[in-house]
Amino acid sequence: MPSDCKDLEARERDTLSPYAQLSAETRGRNAHEPPPEWRTQYQRDRDRIIHSRAFRRLDCKTQVFLSGSGDHLRTRLTHTMEVAGVARNIARALQLNEDLTEAIALGHDLGHPPFGHTGEEALNELMQGHGGFEHNQQSRRIVELIEQKYPAFPGLNLTWETLEGLSKHDTAPEPLLGQASSTFHQPSLEAQVANLADEITYYSHDLDDGLDSGLLTEGQLERDIPAWRDASERMLSQHGDLADECRHYFVIRCLIDDQVHDVIHKTEANLAAAGVASADEVRMEPKPLVAYSPARHEANLKLRAYLYENLYYNDTVHEPHTRAARMLGDLFRHFEQHPEAIGSHIQSLIPGHGLQRAVCDHLACMTDRFAIREHGRLIGK
């Protein structure tokens, strides 16, 4: 006999930890809808994100290398799928709500503009005096305002808990249902897991892409990165000295395993020490409970600094991004002067949100490829 929503909610109550966010205890959605028949509320959120146009556009947005730079280099979409996989595994180990965790992970980068973090910096500079630009908050705008899928409400009408996770608690989603959230200091454990899974994934997979591109070498990493040496030693103990073309893939896998293992055990210890007994008690904690051990945190800080110095700001990566980001400035000024050229739906946001914010929304929705093509069409070389 098929399991309906009530059966699935009962299964959550029977199997999840007391501090997990239960679907039956959602704070709801902005616009009332009948509950789904065969899915939980968070399964519905996940599916709406996957079926959104913003999700599909991630396939043509930069992760590290400009979209189209190589057949095997990651895009924002492949990165997002990898984050969702890591997040779901951690959530399962901690007996958290996997569907909510996955929904947050799949939606976490919807607000990224073209050209990666360089594009984000460019839009933030262009929006000085108009509220700035930050991709987590842009993810909220996309799912609450910009996506058009349903006649009864704007956006995707996601649950309070998914919106909370998408904003990474930079600002609590207090407008939703008028719920006061001033006592909440942290998001749900599911949101914390998705946030840390993002970090685990981009550290490891950006290393992978850097090695595949030839901008990083294993010799450099063995010399400079303790976390790489530890993972390499574990790989050697398990598999011996592999051929060059296989070696770094297995080291990357060990590096991810090491980080996931560390997060699960440190989080388990944090939960026991905090003594939290509900999802809202988690939200009232002064610090996140999902965390690395101090040693792993320190190792990741070194890895992050290394990636910025040797990959993200490498001229081969940074110069094309910088040129591409200048295109956003040209396009921003063009659409400021010609707002009639913006799509009709985003044009409709101008009275309530301002011209510059609407122009920013328009640019942030572009893929790398479309932004380059529009620049050539409207501005010229």
**Study point:** Dipole of the chain [Lys/Arg +1, Asp/Glu -1 at C-beta], most positive-end residue of G354, A371, P36
**Key:** G354
Review point. Where the only charges are on Cβ atoms (+1 Lys, Arg; -1 Asp, Glu), what is the dipole of the range 198-261 about its Cα centre, to the nearest 20 debye?
Key: 200
Review point. Which of the helices in the chain, when you take each full DSSP H run, stretch at least 18 Å along the axis at their Cα atoms and have an average Kyte-Doolittle score of -0.5 or higher?
Key: 76-93, 189-213, 244-274
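Using 0.36 nm times the number of residues separating D7 and Q128, minus their current alpha carbon distance, what extension gain do you get?
38.6 nm
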**Study point:** Convex hull volume of the range 251-381 per residue (C-alpha atoms, cubic angstrom)
**Key:** 193
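Hey, which of these cross-link pairs are over 32 Å Cα-Cα: K6/K61; K149/K266; K168/K302; K61/K266?
On the way: K6/K61 39 Å; K149/K266 41 Å; K168/K302 23 Å; K61/K266 34 Å.
Exceeds cut-off: K6/K61; K149/K266; K61/K266.
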Exercise for review: Quote the FRET efficiency, to the nearest 0.05, computed for R323 versus D230 with a Förster distance R0 of 35 Å and r equal to the Cβ-Cβ distance.
Suggested key: 0.40
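Would you work out the relative contact order for the range 223-366, in percent, from Cα pairs under 8 angstrom that are 6 or more residues apart? Intermediate results must be reported in sequence, preceding the final value.
On the way: 75 pairs, mean separation 25.9, N = 144.
RCO, the range 223-366: 18 percent.
Pull out the extension gain between R27 and H338, defined as 0.36 nm times the separation in residues minus the alpha carbon to alpha carbon distance; nm, one decimal. Intermediate values should be presented prior to the final figure.
Values: separation 311, 0.36 × 311 = 111.96 nm, distance 4.12 nm.
That pair, R27 and H338, stretches by 107.8 nm at full extension.
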Check your understanding: Over the chain, what is the relative contact order in whole percent, taking alpha-carbon pairs under 8 Å and six or more residues apart?
Key -> 21
Study note, to complete from the structure: Treating only Lys and Arg (+1) and Asp and Glu (-1) as charged, each at its beta carbon, one finds that the chain has a dipole about its Cα centre, in Debye to the nearest 20, of 940
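Which of rounded, prolate or oblate describes the range 1-66 when judged by the alpha-carbon gyration tensor and an a/c cut-off of 1.5? Could the numbers behind the result be given before it?
Numbers: a/c = 2.36, a/b = 1.94, b/c = 1.22.
Prolate shape, in that a/c is at least 1.5 and a/b is the bigger ratio.
Please give the contour-minus-distance gain from D241 to D330: 0.36 nm per residue of separation, less the Cα-Cα distance, rounded to one decimal in nm.
26.9 nm
Could you give me D for the chain, from Stokes-Einstein at 37 °C and 0.692 mPa s, where the hydrodynamic radius is the Kirkwood radius over C-alpha pairs? Units µm² s⁻¹, please. Spell out each step's value before the answer.
Working: Rh = 22.0 Å.
Result for D is 149 µm²/s.
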Review point. So, in nm, how far is label R377 from label Q220 when the simple model puts each one 7 Å beyond its Cα toward the Cβ?
Key: 3.8
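Every number here is computed from the coordinates shown, using simple stated rules; none is lab data. Model, not experiment: these values are computed from the prediction. FYI the Cβ positions are ideal-geometry reconstructions off the backbone, even for glycines, and counts take in every protein chain you see.
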